[in-house]
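To keep things clear, I will list the structure first and then write my remarks on it.
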Amino acid sequence: MTTKLPQIPNVSEETVLQVVEALAQTVNVREGRVGDQLDRTVTFRDLIGLKLAQDKNQEEVHDLNKVNTMPVYTNSYDFQVQYDPTSDLTPPPQANTIVVSSTIGAIFLRWNIPSYRNHSFTEIWRSQNGNIGDAVLIAQSTTGFYTDPVETNVEYFYWLRLVSQADVRGAYSQDSVSGQAEIDPKLVIEAIEGEINSNSLTQDLQTRLLDIENTNQEILAQDVNTAIAKESEIRRNVEEGLLAQYTVKIDNNGAVSGFGLASQEIDGSVESAFIIRADKFAIVQPTSTSTTLTGTPASASIPFTVDSDGRTIIKSGVLGSASISSANIESLDASKLTVGIANGMQFNGGQAQFTDLYAGGSGSIQSSAVNTLTFSDYSMRITAHSAIFKPNYFAIKTGSDSDINITPFFVSGGAVFMYTALIQDGTITNAKIGNDIQSANYSAGSSGWRINKGGLAEFANVTLNGGTLTAGVVKSSDNKFVIDLLNKSITITS
C-alpha cells in the first residue's frame, strides 16, 4: 500500500508548525525511516550500486561545491543472474499488520510479511508494559505465526522486526499489540465451587428443617405470645447472616434439597446469589408431556440437564466465546480453527496451514504453560525452507500400487530410478549408460548421432577444432577407402 504523505500547507506565520511537521513526515518517508520502503527515494548512487547507471567521472570522492557530470543509464542489468540477497543491505520494511488472539495459557501472534526480496526471519519482542525500551527478544519465526506460552492474568505487549538474508534489521513495528492469556477453566471452576460451598445461603440450604420441626412442637406446647417471641428470635438469627433471603427446602429422611435466593452486603457492596440443591436440574418447556428427567435430553422439550454426576448436558447451545480445557467432540464444524497442538487420528477435507508438518515416526506432548510437541523420529518433515523424506522407499505413482510400469520414478536404497525423463537443460558430473545414448533426431545413416554401449558410434559429421582424433582404423561408409593407422597402411578399392 502506498504511504500517504501529508499535504504541505501554504507558509504563513500561523502555519509554520504544520509546514515543518509535514516536511519532516515527507522526509522520513522518502528516507525510508517510516512507511513502506517502496516509497523510499532512490538516489543515483543506488542506481550505480545496482549497475543500472554508470558514473562518468568514476570518482570516489565528490566535491560538494562542484556539479559533477550526470550518470549514464544502462539497461544491461540482469536481476535474475546478478542479484545476491546476502549482499543487499536495503533495510526491510515494517511489519505492522499484527493480529493477536489468546487461548488457555498462550497468546497467538499472526502477521503479514511485507513483500521484499531477501526476507530471512521475523524477531518477536515482548514486554509487560507499552514501553519498547523494556522489551526483550523472545523468539524468531521464519513464518507469519508464533505461539507464546505465557502466564495468565498478565497483559503482554509485542513488537516485530523483520531481518533480511544480509542480516540487516528493519524498524520495529510502529505500534505495539497486546494480549492476555485465558485462565484455565479448571481453576475458575474450583474457585467458584469454593465460593458457593462457603456461601451462607448454601450452608442454610444444607441445614435440615429441625428448627421448624422443633418450633412447631414448641408452639403446640406454649401460648401464642411465647410462640411469636420464638419465631422473632429465629428470624433475627437468620437476618444477621443474610439481609434478605427466600428459600424453599424439602427434608426427606435427612436428604435436604431445595433452592434459595439471597442478597447480602459485603464490603459496602450488595451481592446476590441463587443456588439450587438437587441431584438433577433441568429446564423443561411448558408443552412437554415428559414426567421424568432421564439425565439425557432425548426430547427437544429439555434444552439442558444437570445430572447427579455433575455433568451439564446441553442439547443445543450457541456460545459467543468459550474456554475449554478438555473436550471430546464427535463432530466439529468450524469456519476457523486455531490450535497450539492438534492431535488426532484423521483429518478430512477443507484446508490446513502448518508452520511445520511431520508425518510418521513418534511424537510426544510435553506439559508446560502451553503444551508443546516434540518428535523423536519422523518419516517426513516439511517446513518453510525444506522438505525431508526418510522412508526406505519413496515413489510417485499414477495408477494402482501393483502397476509398476506407470511409476515415473522411485527412490530405493539411496538411488533414484527414473523410467522416462525430459530434461531441458542438465549438468551431469558422471553418467553410466546401460545401452544406447542418442540424439532426439537420430535416424540411422541419415541424421543425428548415436553411441552404443559396445563402443559403436555414428555421427552425421565430425568437426575437430584443433583437437586430436585417436583411432585404429578409419574407413568410408562403403568400405572402399580404409586407413589403417595401427599398421600404417591405406587401402583404396575401386
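Worth a mention:
- Output for the stretch 1-46, where each listed residue is in contact with a helix residue (DSSP H, G or I) (Cβ under 8 Å, 6 or more places away or on another chain), open to solvent by less than 100 Å² (accessible area, probe 1.4 Å) and of a type in the set (A, V, I, L, M): Leu5, Ile8, Val29, Val34
Residue-by-condition table, conditions (1) farther than 23 Å from Ile423 by Cα; (2) touching a Phe, Trp or Tyr at 6+ places or on another chain (Cβ under 7 Å); (3) surrounded by 10 or more Cβ atoms within 10 Å (Cβ to Cβ):
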residue	(1), (2), (3)
Gln438	no, yes, yes
Tyr442	no, yes, yes
Gly445	yes, no, no
Asn452	no, no, yes
Gly455	yes, no, no
Gly466	yes, no, no
Asp478	yes, no, no
Leu485	yes, no, yes
Ile492	yes, yes, no
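- Condition check for Gly170: closer than 23 Å to Asn28 by Cα, out of contact with any His (no Cβ under 6 Å at 6 or more places or on another chain) and either open to solvent by 50 Å² or more (accessible area, probe 1.4 Å) or in contact (Cβ under 8 Å) with a residue 60 or more places away in the chain (or both): yes
- Looking only at residues of the stretch 173-184 that are under 27 Å from Phe274 (Cα atoms) and either charged (D, E, K, R) or modelled with pLDDT under 65 (or both), we find that the one that is surrounded by the most Cβ atoms within 10 Å (Cβ to Cβ) is Glu182.
- Residues within the stretch 413-432 that are in a loop (DSSP other than H, G, I, E, B) and open to solvent by 90 Å² or more (accessible area, probe 1.4 Å), tallied: 11
- The single condition from (1) assigned to a strand (DSSP E or B); (2) over 30 Å from Met380 (Cα atoms); (3) at pLDDT below 85; (4) not basic (Lys, Arg) that Phe410 fails is (2).
- Among the residues making up the stretch 101-113, those that are surrounded by fewer than 17 Cβ atoms within 10 Å (Cβ to Cβ) and part of a strand (DSSP E or B) are Ser101, Thr103, Arg110.
- Scanning the stretch 142-167 for residues that are touching a residue at least 40 places away in the same chain (Cβ under 8 Å), under 18 Å from the mean Cα position of the chain (by Cα) and not in a loop (DSSP other than H, G, I, E, B) yields Phe145, Thr147, Asp148, Pro149, Tyr158, Leu160, Arg161, Leu162.
- Meets criteria (at pLDDT 75 or above and either within 30 Å of Ala181 (Cβ to Cβ) or touching a Pro at 6+ places or on another chain (Cβ under 6 Å) (or both)) for Leu357: yes
The values are calculated or read from the model by the stated rules, or taken from the named source; none is laboratory data. All values reported here derive from a predicted model rather than from experimental measurement. Note that each Cβ is placed from the backbone with ideal geometry, even for glycine, and that neighbours are counted across all protein chains shown. Surface areas here come from the heavy atoms of the whole protein model, side chains and all, with no ligands, DNA or RNA. Shrake-Rupley method; radii C 1.70, N 1.55, O 1.52, S 1.80 Å.
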